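Only one structure is covered here, and it is reproduced in the block below.
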Amino acid sequence: MTRPWLAKPIFVLPALAALTIFFLMPSLCTIVMSFSDWKIGQTAGFSFIGLTNYRTLIENPDFLKSLKNTLLLTSLVVPSSFVLALGIALAIRSAGRLGTVWTTIYFLPVTASLVAMSVVWQWLLHPEVGVLAFVLSKFGVTAKINWVNDGDIVLFTLAFITIWQMTGYYTVLFITGLVQIPSTLYEVARIDGARGAFSRFWHVTWPLLGPTSLFVLIVSVIKTFQVFDIVKVLTRGGPEKASEIMLYTMYQEGFAFFRTGISASIATLYLVFMLALTFCQAKVFERRVHYGF
């Protein structure tokens, strides 16, 4: 005897089990550890210490500097990569048959290992024998600029590398959104008087690209907060913590200093911040987003 009402729960069960095991349980354990004094390798029991770890973070100037660096890096990367990816996507859409070739070229940095590419960037940005130093010398710039060891410019260097690495991914997302816009709408807009390319973009493309734009905006913020590889390979948070960001601080606290409770507190703050940011972005921008043609 068949029971059709059991079909849906049975099909959902594997996904629900995977979500519970690989996301909900680790997140819950991390939150619990953030209220304890447990350390990696500790065999004895641990005790709950309430909000002590969070107070330690708030009173720690190094953590506040890491948070400031993370926010600054995000403010540099997100708008730059968003505008650049949108511009490249529009250009590729008008490139005709060469569009596929250009899409592949711009997407190549996304497929490359960022750890390996960080080593390449370390050589390219070398203040004496690097390619960039050689190019600048041809334009009369003889000063030795230390791109990854100067506290005043190191975050800008990391932002540039992050933009270079992720713009291709956002470009593909924008191209996907552009493909879904019916060409008949542009014909109607042209008949209604939208003669110029900018006019058609403003009245047709941009409004209908709303869902894709919102998704790219949220993903770009999340991915910028997840920057770790280039900091670990290029700067290790230096000089004098000028390039240390939250994810690297969390790694250092947990796996270098073995302060697991502090590391779990940073992870919990990171989770809460990202959920709140995603929720606010969705609520603020969804009123301006059109989810249909």
note = Sorted largest first, the Cα spans of the stretch 1-100 on the principal axes come out in Å as 66, 66, 23
key: Gain on full stretching of the segment that runs from Leu277 to Lys138 - 0.36 nm per residue minus C-alpha separation   = 45.6 nm
remark   = Counting only residues 5 or more apart in sequence or on a different chain, those whose built amide H sits under 5 Å from that of Ser36 are Ile49
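Just to be sure I understand the rule: take each whole DSSP H helix in the chain, project its Cα atoms onto its long axis, keep it if the span is 15 Å or more and its mean Kyte-Doolittle hydropathy is at least -0.5. Which ones pass?
Helices meeting the criterion: 7-19, 61-93, 99-111, 154-179, 210-225, 260-285.
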request  = Sort out the exposed loop GluC sites (Glu not before Pro) in the chain (DSSP loop, at most 14 other Cβ within 10 Å) and tell me the longest stretch that has none.
outcome  = 129-239
inquiry  = So if each residue of separation counts as 0.36 nm, and I subtract the Cα-Cα distance between Trp202 and Leu98, what length gain in nm does that give?
reply    = 34.9 nm
key: Pair Phe255, Leu185: separation of 7 Å Cα→Cβ label points (nm)   = 4.4
ask   = So what is the 222 nm mean residue ellipticity for the chain from helices alone, if each DSSP H run of at least 4 adds -39500 (n - 2.57) and you divide by all residues, rounding to the nearest 500 deg cm²/dmol?
value = -20000 deg cm²/dmol
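Which ordering of Tyr106, Tyr186 is given by a fewest-first count of other beta-carbon atoms within 10 Å?
Fewest-to-most ranking of Tyr106, Tyr186: Tyr186, Tyr106.
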inquiry  = At q = 0.10, 0.13, 0.17, 0.19 Å⁻¹, what log₁₀ I(q)/I(0) does the stretch 143-293 have when each alpha carbon counts as one equal point scatterer in the Debye sum?
reply    = -0.54, -0.78, -1.02, -1.14
request  = Could you give me the percent of Cα pairs per 5 Å distance bin for the stretch 67-148, shortest bin first, beginning at zero and ending with the bin that holds the maximum distance?
outcome  = 3, 12, 12, 13, 19, 20, 15, 5, 1
note = By the Cα gyration tensor axes a ≥ b ≥ c (a/c under 1.5 gives rounded; else a/b larger than b/c gives prolate, otherwise oblate), the shape of the chain is oblate
Relative packing of peptides 166-178, 92-104 - highest average C-beta neighbours within 10 Å first = 166-178, 92-104
key: For Asn60, residues with placed amide H under 5 Å, excluding near neighbours   = none
inquiry  = Using DSSP to call loops (not H, G, I, E or B), can you name the chymotrypsin sites (Phe, Trp or Tyr not before Pro) in the stretch 2-98 whose Cβ has at most 14 other Cβ atoms within 10 angstrom?
reply    = Phe46
message = Relative contact order of the stretch 57-288, please, whole-number percent, based on alpha carbon pairs below 8 angstrom and at least 6 residues apart.
response = 29
ask   = Three principal axis extents, largest first, for the C-alpha atoms of the stretch 125-203, in Å?
value = 58, 26, 21
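Values in this text are rule-based calculations from the coordinates and carry no lab data. Quick caveat, the model's predicted, so the values are computed rather than measured. Don't worry about glycine lacking a Cβ; one is built from the backbone with ideal geometry, like all the others, and counts go over all protein chains shown.
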